[in-house]
Amino acid sequence: MLSRVLGSTLTQVLRSVALVLLPISFLALLAWATAGSATGNTGDPLRAAIWMWLGAHHIPFTLALPPANAAGFLSYLPLGALIIPVLVVRNGVARLFDRLDGNPSLLTTARVLFAILYSGIGTLFAFFSSTSGVKPMWYLAPIFLLPITLISAASVGRRLIFGQAILYSTRILSLLLGISSIVFGVLIFINLSTVESLTVVLEPGIVGGILLLLLNILYIPNAAIATLSYFSGAGFAIGTGSIISPLSYHLNSIPAFPLLGALPSSTSRFALFGVLVIVFSGALLASWTVALSSKILIQSLFISVVVTALIAYTGSGALITEAMSSMGVSPWKFTLAVSGELIVGALLALYLPRIGRR
């Protein structure tokens, strides 16, 4: 029985890896053939495809930048790319369950074994794809791959009971990120001329333009997190020593990246009205949960803090060079601002009616 589970799981893990890696390899080979290469080594695009596969799973890289081999670090990776491996893992686990005839006694074992094998393959990719200039941090690969795979696998098959607290806390944060995405989209259209100018500067060509468009789409979730941080008052950074917030503005330079055309050009106290939206969201969370019990409200607020901290971590990092070593939101500022405003909103919803009655 165990050999059957192992064989079926390994087959689906290899299929899941190939479903993402093969299309990426084709795009990397196409870009390599279009741009040309000084060495003519076809191993370069294949290695780049593995790096993109690892980047989609948010595994960071250490870099040695030419010509002086200056130290660099890449951890500010597109959150949108994470959707692809999540969907592929879910599909692979679903097919695995079909192979096992939905046997309940084997499902948990299959989930765990799938996550271990998938993470092991990813760790091997990170270890063997290292070069003198680009080194995936292979020892961190299991730390990133295991949770992603386990959570994705756990959402397949029998529905797990996550609890009302997780349901309401994630719903309210999804609402805030959705509003931020809409606001960011409006800002893109308002500053469309700047976005176009940043695109022209890059001169990406046809193939490069398609890849640039795809990269911008994948970075939209990062932009939504930064937008939420800006309107919460915490702000965000685009480079070392920079701060972009409603009350403080300091920006040295920006990369030629089209999405950055939506950046504000100065401080704006009007943007602090966004704090009221987050406070209102906290009050909305209280109205959803307090009718059930105060315990669920407390649990929901606690989970909101934890999820907000996780969002803050994924929405921050370094972008290759020392000048861009601080990108995105500040984890502690974002967590403190958004969580604090949600809690204030919940407290106001609880105690203002009582004060009014008195």
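The values are calculated or read from the model by the stated rules, or taken from the named source; none is laboratory data. In this text, all values refer to a predicted model and were calculated from it rather than measured experimentally. A quick note on method: Cβ atoms are made from the backbone with ideal geometry, for glycine too, and the neighbour counts reach across all protein chains shown. Accessible surface is based on the protein model in full, side chains and every heavy atom, while ligands, DNA and RNA are left aside. Shrake-Rupley method; radii C 1.70, N 1.55, O 1.52, S 1.80 Å.
Which one is surrounded by the fewest Cβ atoms within 10 Å (Cβ to Cβ) among residues in segment 207-242 that are β-branched (Val, Ile, Thr) and under 18 Å from the mean Cα position of the chain (by Cα)?
Taking segment 207-242 first, the residues β-branched (Val, Ile, Thr) are 207, 210, 217, 220, 225, 227, 238, 240.
Next, from what is left, pick out any that are under 18 Å from the mean Cα position of the chain (by Cα): 217, 220, 225, 227, 238.
Numbers: Ile217: 13, Ile220: 16, Ile225: 25, Thr227: 24, Ile238: 21.
Per the criteria, the residue is Ile217.
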Item to check | Every residue from segment 248-269 that is in contact (Cβ under 8 Å) with a residue 24 or more places away in the chain and either open to solvent by 20 Å² or more (accessible area, probe 1.4 Å) or of a type in the set (Ser, Thr, Tyr) (or both) | outcome: Asn252, Ser253, Pro255, Ala256, Phe257, Leu259, Leu260, Leu263, Pro264
Item to check | helices (runs of 4 or more DSSP H) wholly inside segment 184-294 containing at least 3 residues that are closer than 26 Å to Leu82 by Cα | outcome: 192-202, 205-218, 220-232
Checklist entry - Mind checking which residues of segment 315-348 are open to solvent by 40 Å² or more (accessible area, probe 1.4 Å) and in a helix (DSSP H, G or I)? => result Glu322, Ala323, Pro331, Trp332, Lys333, Leu336, Ile343, Val344, Leu347, Leu348
Next on the checklist: Which residue is farthest from Ser316 (Cα to Cα), if the candidates are limited to segment 53-85 and must be surrounded by fewer than 17 Cβ atoms within 10 Å (Cβ to Cβ) and at pLDDT 90 or above?
Outcome noted: Ile83
Next on the checklist: Need the failing condition index for Arg95 against (1) closer than 24 Å to Ala318 by Cβ; (2) touching a Lys or Arg at 6+ places or on another chain (Cβ under 9 Å); (3) not polar (S, T, N, Q), just the number.
Outcome noted: (1)
Checklist outcome for this item: Filter segment 259-279 for residues that are more than 23 Å from the chain's Cα centre (by Cα) and farther than 22 Å from Leu336 by Cβ; the one that is modelled with the highest pLDDT is Phe270
Item to check | Residue list for segment 90-130, restricted to those being open to solvent by 30 Å² or more (accessible area, probe 1.4 Å), closer than 19 Å to Leu21 by Cα and part of a loop (DSSP other than H, G, I, E, B) | outcome: Ser130
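Here is a check on your reading of the model: is Ala49 at pLDDT 80 or above, open to solvent by less than 70 Å² (accessible area, probe 1.4 Å) and farther than 30 Å from Ala224 by Cβ? First the steps, then the outcome.
On the way: at pLDDT 80 or above: yes; open to solvent by less than 70 Å² (accessible area, probe 1.4 Å): yes; farther than 30 Å from Ala224 by Cβ: no.
Taking the combined requirement at face value, the residue does not satisfy it.
In segment 294-314, what residues are among the small types (Gly, Ala, Ser), within 29 Å of Ile59 (Cβ to Cβ) and crowded, with 19+ Cβ neighbours inside 10 Å?
Step one: filter segment 294-314 for residues among the small types (Gly, Ala, Ser), giving 294, 300, 304, 309, 312.
Pick out the ones that are also within 29 Å of Ile59 (Cβ to Cβ) and you get 304, 309, 312.
Listed by number, the residues that qualify are Ser304, Ala312.
Yes/no matrix, rows are residues, columns are (1) touching a residue at least 12 places away in the same chain (Cβ under 8 Å); (2) within 28 Å of Leu177 (Cβ to Cβ); (3) under 23 Å from the mean Cα position of the chain (by Cα):
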position	(1), (2), (3)
His58	yes, yes, yes
Ala70	yes, no, no
Ser75	yes, yes, yes
Asp98	no, no, no
Phe125	yes, no, yes
Leu150	yes, yes, yes
Next on the checklist: Name the single residue that is least open to solvent (accessible area, probe 1.4 Å) among those in segment 4-31 being in contact (Cβ under 8 Å) with a residue 40 or more places away in the chain and closer than 22 Å to Leu212 by Cβ.
Outcome noted: Val20
Item to check | Residue tally, condition out of contact with any strand residue (DSSP E or B) (no Cβ under 9 Å at 6 or more places or on another chain) and either more than 15 Å from Leu228 (Cβ to Cβ) or modelled with pLDDT of 95 or more (or both), over segment 240-258 | outcome: 6
Item to check | Test: residue in segment 136-148 that is in contact with a Gly (Cβ under 9 Å, 6 or more places away or on another chain) and among the hydroxyl-bearing types (Ser, Thr, Tyr) | outcome: no
